[in-house]
Amino acid sequence: MTGLPNRTLFKEHLERAILYATRHKKMIALLFLDMDRFKNINDTLGHDAGDKLLKEMAERLKTSVRKTDSVSHEGPELAGTVSRLGGDEFTILLSDIVQIQDVSRVARRILESISQPFLLDGHEIVITASIGISIYPNDGADIVHLIKDADTAMYRAKELGKNNFQFYTQSMNDKAFALLVMEGQLYKALEREEFFLHYQPQVDIRTGRIIGVEALVRWQHPELGMVSPASFIPLAEETGLIIPIDEWVLKTACSQNKRWQAAGFPPIKISTNLSAKHFARKNLMEAIAKIVHDTGMDPHYLDLEITESVLVRNVGELIIIFQELKGIGVSLLIDDFGTGYSSLSYLKKFSLDVLKIDQSFVREITTDSGSAAITKTIIEMAHNLNLRALAEGVETEEQFTFLLENECDVFQGYLFSKPQPAEEITRFLRDGKSL
Ligand code: C2E
Ligand code: CA
Ligand code: CA
């Protein structure tokens, strides 16, 4: 559409430029440009206008880095190659660099050229962009690192208020900064389909058979690698992204369970985690009901795992939401039970189904008498309230025996299986795997 090289071609260019620079002892600069409010334009003016803008943008970028014969008082002009990586992301590759100041000059010229209003369907649109820059060989020695560093620097430029350029620096690898980069990446992860699910069996303690699986989200990022939910879930909660992520998990998990049922395996339940953030939404119940309905799975096979922190909120409202969920057949499970600080009186107010005893107690039931007493008490209390008790993080035979003797109902943990891809669960179901 823009007539520019795409990602693949760009990588080839970069590869060649590195070879050349190594041989001739030169520097290269990689400029990573991302428009600041492109989505906004697309949403308000439509995709045709967005496309026009991208074409015009490509033209301006090409013009800004075209080699001219004039030698300005600042020194010779640098020539560059512009590529489009996709969406509103462009790269500019500058080779034959003598001094870094020349790179700054090009970056400034690009930002200036972009800042002139664009004319789109009779509207004057003012656009800005943020640029991150990495230098070969100073920053990265290969294309993967050069791209990653330029991308990192670009997020820094955004963080600093957009409409500016930043050179990559080592300190951008700080933990705080890594979080920031991850946030940018997290926004794109859903549309790039980088999430997938693992499932961990929940096993009936007396029969040793699988009665359900918990869906646990995984994020495979092309450069960051496998990112643990322990690090991205809190970030997703902070940014609100947890809502679409959990909805995707719910949809995917219910569809998978429906497939297992359709394949003729004995039906099992599916458990998904629902962040406390959902409870600030209006029509939560409708949203869940619709997703489950669209997958065709009977809601009686769904358990929603929520943490105690949810229960200390607006009690009146919650009672209604819970009743509605029960009304369509969904079960409710309290996750990490015992770690919250809420009052126990809510346990009888809400129509709950399962208490999931937190791993921190289970881990120590055979070594610490306090944890053993708490676990026993939770199981007893659950039964007195007509709830079931599920122990998570069960790793050893000894822990299992303790739970069996104390009449816990269900367990989950490495002793039976780690969280597994769907195909592995299919195998378990086919072979009738039991403890
Ligand atoms: P969680 O809901 O308490 O999940 C249990 C965690 O314990 C999982 O970690 C699981 O892999 C791990 N685990 C299971 N059995 C054992 C065991 O025997 N020993 C040990 N040491 N660990 C065990 P994971 O998958 O890393 O998930 C971490 C947390 O991230 C979850 O804790 C949950 O709070 C959150 N999470 C995961 N998926 C989702 C999701 O789709 N939505 C939301 N909102 N949160 C999620
Ligand atoms: Ca859980
Ligand atoms: Ca848990």
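Name the one entry in Ala230, Ala176, Ala157, Ala153 that is modelled with pLDDT under 85 and part of a helix (DSSP H, G or I).
So the residue among Ala230, Ala176, Ala157, Ala153 that is modelled with pLDDT under 85 and part of a helix (DSSP H, G or I) is Ala176.
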message: For region 176-187, check the following and say yes or no: at least one residue is surrounded by 14 or more Cβ atoms within 10 Å (Cβ to Cβ), farther than 23 Å from Leu9 by Cβ, touching a His at 6+ places or on another chain (Cβ under 8 Å) and free of Cβ contacts under 8 Å to residues at least 40 places away in the same chain.
response: yes
statement: With the first residue restricted to region 265-287 and required to be farther than 23 Å from Leu355 by Cα, and the second required to be outside any loop (DSSP other than H, G, I, E, B) and acidic (Asp, Glu), Cβ contacts under 8 Å at 6 or more apart or on different chains are Ala287/Glu247
- line: Result of the Cβ filter at 6 Å on region 369-386, keeping first residues that are under 18 Å from Gly340 (Cα atoms) and partners that are assigned to a helix (DSSP H, G or I), at least 6 apart or interchain, is Ser371/Phe361; Ile374/Phe361; Thr375/Phe361
message: Can you tell me which of (1) over 37 Å from the mean Cα position of the chain (by Cα); (2) farther than 24 Å from Gln323 by Cα is the one Ile374 doesn't meet?
response: (1)
field: Residue satisfying all of: in region 83-113; acidic (Asp, Glu) and assigned to a helix (DSSP H, G or I); modelled with the lowest pLDDT among these
entry: Asp102
statement: Picked from region 99-113 (must be in contact (Cβ under 8 Å) with a residue 60 or more places away in the chain and not hydroxyl-bearing (Ser, Thr, Tyr)), the residue farthest from Asn138 (Cα to Cα) is Ile110
message: Would you confirm whether or not region 32-47 contains a residue that is among the small types (Gly, Ala, Ser), in a loop (DSSP other than H, G, I, E, B) and modelled with pLDDT under 95?
response: yes
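The rows are residues; the columns are (1) within 16 Å of ligand 1 (Cβ to nearest atom); (2) not β-branched (Val, Ile, Thr).
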{"residue": "Leu332", "(1), (2)": "yes, yes"}
{"residue": "Arg363", "(1), (2)": "yes, yes"}
{"residue": "Thr375", "(1), (2)": "yes, no"}
{"residue": "Met381", "(1), (2)": "no, yes"}
statement: All conditions in (1) within 21 Å of the chain's Cα centre (by Cα); (2) away from ligand 3 (no atom under 16 Å from the Cβ) are true of Gln200 except (2)
message: So Glu112 ticks every box in (1) charged (D, E, K, R); (2) on the phi < 0 side of the Ramachandran plot; (3) touching a strand residue (DSSP E or B) at 6+ places or on another chain (Cβ under 9 Å) but one. Which box is left unticked?
response: (3)
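The values are calculated or read from the model by the stated rules, or taken from the named source; none is laboratory data. These figures come from a predicted structure and were not determined experimentally. Ideal geometry is used to build each Cβ from the backbone, glycine not excepted, and the neighbour counts take in all protein chains shown.
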